[in-house]
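Engineer: One structure is given below, represented as structure tokens, and several questions about it will come after.
The values are calculated or read from the model by the stated rules, or taken from the named source; none is laboratory data. The structure displayed is predicted, hence computed values, not measured ones. FYI the Cβ positions are ideal-geometry reconstructions off the backbone, even for glycines, and counts take in every protein chain you see. For the accessible areas, the whole protein counts, side chains as well, though only heavy atoms, and no ligand, DNA or RNA atoms are used. Shrake-Rupley method; radii C 1.70, N 1.55, O 1.52, S 1.80 Å.
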Amino acid sequence: MNLDELQNGSDIRGVALDLNPDEPVTLTENEVRDLARAFTAWLRKKTGKKDMTIAVGRDSRLSGPKLARAVMDALVYDGVDVFDTGLSSTPAMFMSTLFEDFDADGAIMLTASHMPANRNGMKFFYKGGGLDSDEIKELIDIAKKKKFNHGKGGSITKSDLMSVYSEHLRNIITEKLEASQADVNPENPLEDLHVVVDAGNGAGGFFVEQVLKPLGANTEGSQFLEPDGNFPNHIPNPENAEAMASLIQAVKENHADLGIIFDTDVDRSSAVDSNGNPIGRNDIIALASVLAAKHHPGMTVVTDSVTSDELGEFLEKKGIHQHRFKRGYKNVINEAKRLNDEGVDAQLAIETSGHAAFKDNYYLDDGAYLASRIVVEAASQSISDLLKDLAHPKSEKELRLKINEKSFKEYGKQVIEDLQNFAKESEYITVVEPNYEGCRIRFDTDHGSGWALLRMSLHENLLPLNIESSQPEGAKIMAKELYHFLKQYPSLDLSQIEEFIKD
């Protein structure tokens with residue numbers, strides 16, 4: 001296997017189970033062993049330490065136990081003391097490097113987030129945070145050249161990381177409630193709150209059993225808490241329409257105050273309010289921003305590139321500055337860190353996908369931490385009250401245009417550059433600046449007004465096209481205009497846009 005093909009930005013992802021004849025296995029014990037050994041070599045060079053401890057955890061995927069065993073065997077072979085944390089969340093793995101009970105030098109998480117059951121992958125952490133894409137490339141280079149550090153004396157210790165992490169979250173909730181309310185019951189601070197949690201059969205069931213229930217919350221109606229790598233109920237993804245519909249139904253049927261949904265490894269979350277309104281994408285950014293700004297007025301939030309104009313207007317009215325950056329959770333996190341180093345009060349980095357990284361939580365994208373902040377707010381008021389001034393586009397669409405070219409990145413970049421030049425010459429289209437990804441343009445006509453963003457996919461041979469309008473038919477009108485421009489590129493698959501604009 002070409003290890004380079006397993007890199008997915010700052011993650012490793014591949015096919016780990018032979019469940020689909022069209023998708024051959026690409027991630028086996030061999031690959032994860034070599035990458036684990038490469039991480040050991042990289043971490044020893046990074047820290048200057050020979051004797052190290054590394055925590056190893058996994059989500060609920062069927063291939064998890066086998067791959068985790070291979071990783072741990074490889075680490076022990078190279079003289080590393082291993083914490084076997086078993087079923088864990090990705091954010092907890094990073095926290096293993098900070099908790100006094102662990103003080104791990106590094107951590108490896110076996111997960112492929114919300115991807116299908118046949119997939120798996122790896123995420124790597126050290127005390128400085130998660131590895132970036134360039135650092136993953138370094139690991140792959142070490143693995144390909146077999147530049148490993150064999151050692152002696154490694155061991156494996158089974159460790160209950162999730163109990164320590166859950167206590168950490170309980171303390172956060174209790175402390176914030178006591179700081180904001182005078183009459184909090186210290187024994188059961190959430191006794192008057194009804195929360196329905198949907199874990200999607202991933203690793204998030206702990207949030208009910210180890211966080212909410214011990215604090216007195218009513219969790220009746222919570223669903224799919226049992227880990228099951230077949231994901232039999234719905235895709236464990238807060239952005240999935242079926243998953244959100246399932247949670248909405250559960251909130252309404254149980255007359256709950258709040259619904260929380262996690263992805264498989266719990267680094268993302270979204271919510272549903274007491275009226276059954278979904279709080280995802282622009283709404284979850286708005287909510288998280290308002291929560292962060294309570295103690296940091298005038299703060300900056302770094303978002304990805306596909307946020308709506310309505311969100312920007314909402315944040316501006318709240319005195320929150322938006323820095324619209326690129327897609328990719330590591331991109332927004334690293335940009336927030338950069339701004340913070342320059343003296344900008346960047347308290348939050350968040351994607352529409354639900355990756356939310358608060359400055360006061362180590363800029364760690366942690367779905368359970370975000371959920372905890374939302375729970376604190378819901379204990380005193382309906383969270384929908386915080387979002388009542390947030391408007392939404394009247395029409396919106398994301399179209400994914402496949403590029404049928406071997407050199408798809410070069411082809412896509414040329415299309416984007418041509419669109420930018422086309423917009424500059426148009427009488428009714430303007431280029432939006434500043435812009436950090438692709439080409440963002442604004443339409444201003446009698447029949448269609450709004451914006452469109454054409455960008456390269458982070459990892460695939462696709463040009464995603466996002467369109468939003470304040471008019472009911474505006475997105476379709478703008479798509480028709482763009483279709484006339486895009487028809488000149490024979491290697492673009494325009495079937496999605498053709499289906500969208502047909503009468």
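Engineer: Given the structure, is A286 surrounded by fewer than 24 Cβ atoms within 10 Å (Cβ to Cβ) and more than 16 Å from L225 (Cβ to Cβ)?
Structural biologist: Taking the combined requirement at face value, the residue does not satisfy it.
Engineer: If L177 satisfies all but one of (1) touching a Pro at 6+ places or on another chain (Cβ under 6 Å); (2) more than 30 Å from N277 (Cβ to Cβ); (3) of a type in the set (A, V, I, L, M, F, W, C), what's the number of the condition it fails?
Structural biologist: Result: L177 passes all but (2).
Engineer: Filter region 206-246 for residues that are among the aliphatic types (A, V, I, L, M) and within 19 Å of the chain's Cα centre (by Cα); which is farthest from G259 (Cα to Cα)?
Structural biologist: Residue satisfying both the conditions and the ranking: I235.
Engineer: Sticking with this one: Which residue pairs have Cβ atoms under 9 Å apart, sit 6 or more places apart or on different chains, and have a first residue in region 309-320 that is at negative phi and a second that is open to solvent by 30 Å² or more (accessible area, probe 1.4 Å) and of a type in the set (S, T, Y)?
Structural biologist: Sorted first by the residue in region 309-320, then by its partner, the pairs are D309/S470; E310/S470.
Engineer: Given D257, D273, D228, which one is in contact (Cβ under 8 Å) with a residue 24 or more places away in the chain, open to solvent by less than 30 Å² (accessible area, probe 1.4 Å) and of a type in the set (D, E)?
Structural biologist: D273
Engineer: Could you list, in sequence order, the residues of region 145-174 that are at pLDDT below 95, surrounded by 13 or more Cβ atoms within 10 Å (Cβ to Cβ) and either within 23 Å of G221 (Cα to Cα) or not polar (S, T, N, Q) (or both)?
Structural biologist: Once the filter is applied, which keeps residues that are at pLDDT below 95, surrounded by 13 or more Cβ atoms within 10 Å (Cβ to Cβ) and either within 23 Å of G221 (Cα to Cα) or not polar (S, T, N, Q) (or both), region 145-174 yields only G151.
Engineer: Does any residue in region 321-343 that is on the phi < 0 side of the Ramachandran plot come within less than 7 Å, Cβ to Cβ, of a residue that is open to solvent by less than 40 Å² (accessible area, probe 1.4 Å) and modelled with pLDDT under 95 six or more places away or on a different chain, and which pairs are these?
Structural biologist: Listed by first residue and then by second, the contacts come to K330/G9; K330/S10.
Engineer: So G86 fits all but one of (1) open to solvent by 10 Å² or more (accessible area, probe 1.4 Å); (2) part of a loop (DSSP other than H, G, I, E, B); what number is the exception?
Structural biologist: Every listed condition holds for G86 apart from (2).
Engineer: Also: When H296 is evaluated against the numbered criteria (1) touching a helix residue (DSSP H, G or I) at 6+ places or on another chain (Cβ under 9 Å); (2) assigned to a helix (DSSP H, G or I); (3) more than 29 Å from D444 (Cα to Cα); (4) not small (G, A, S), which criterion, by number, is the only one it fails?
Structural biologist: All conditions pass for H296, except number (2).
Engineer: For region 315-350, how many residues are under 14 Å from the mean Cα position of the chain (by Cα) and open to solvent by 60 Å² or more (accessible area, probe 1.4 Å)?
Structural biologist: Looking only at that region, the number is 1.
Engineer: Would you kindly identify the helices (runs of 4 or more DSSP H) lying entirely within region 389-503 that contain at least 3 residues that are open to solvent by less than 10 Å² (accessible area, probe 1.4 Å) and touching a residue at least 60 places away in the same chain (Cβ under 8 Å)?
Structural biologist: It comes to 474-486.
Engineer: For region 92-117, how many residues are under 19 Å from N8 (Cβ atoms) and either crowded, with 24+ Cβ neighbours inside 10 Å or touching a Lys or Arg at 6+ places or on another chain (Cβ under 9 Å) (or both)?
Structural biologist: 12
Engineer: Collect the residues in region 122-144 that are open to solvent by 40 Å² or more (accessible area, probe 1.4 Å), touching a helix residue (DSSP H, G or I) at 6+ places or on another chain (Cβ under 9 Å) and not polar (S, T, N, Q), keeping them in residue-number order.
Structural biologist: Those that are open to solvent by 40 Å² or more (accessible area, probe 1.4 Å), touching a helix residue (DSSP H, G or I) at 6+ places or on another chain (Cβ under 9 Å) and not polar (S, T, N, Q): Y126, K127, G128, D132, K137, E138, D141, K144.
Engineer: Tally up the residues in region 4-27 that are part of a loop (DSSP other than H, G, I, E, B) and open to solvent by 40 Å² or more (accessible area, probe 1.4 Å), please. If you could, list the steps in order and put the result at the bottom.
Structural biologist: Step one: list which residues in region 4-27 are part of a loop (DSSP other than H, G, I, E, B), which gives 9-10, 16-27.
If we keep only those that are open to solvent by 40 Å² or more (accessible area, probe 1.4 Å) too, we end up with 18-25.
Counting residues in region 4-27 that are part of a loop (DSSP other than H, G, I, E, B) and open to solvent by 40 Å² or more (accessible area, probe 1.4 Å) gives 8.
Engineer: Continuing with the same structure: Within the group D103, D4, which residue is within 21 Å of E138 (Cα to Cα) and of a type outside the set (V, I, T)?
Structural biologist: Of the residues listed, the single one that is within 21 Å of E138 (Cα to Cα) and of a type outside the set (V, I, T) is D4.
Engineer: Could you tell me whether A245 is part of a helix (DSSP H, G or I) and open to solvent by 30 Å² or more (accessible area, probe 1.4 Å)?
Structural biologist: yes
Engineer: Take the conditions touching a strand residue (DSSP E or B) at 6+ places or on another chain (Cβ under 9 Å), aromatic (F, W, Y) and assigned to a strand (DSSP E or B) and apply them to F125. Does it pass? So that I can check it myself, show each step before the final result.
Structural biologist: Working: touching a strand residue (DSSP E or B) at 6+ places or on another chain (Cβ under 9 Å): yes; aromatic (F, W, Y): yes; assigned to a strand (DSSP E or B): yes.
Spelling it out, F125 is indeed touching a strand residue (DSSP E or B) at 6+ places or on another chain (Cβ under 9 Å), aromatic (F, W, Y) and assigned to a strand (DSSP E or B).
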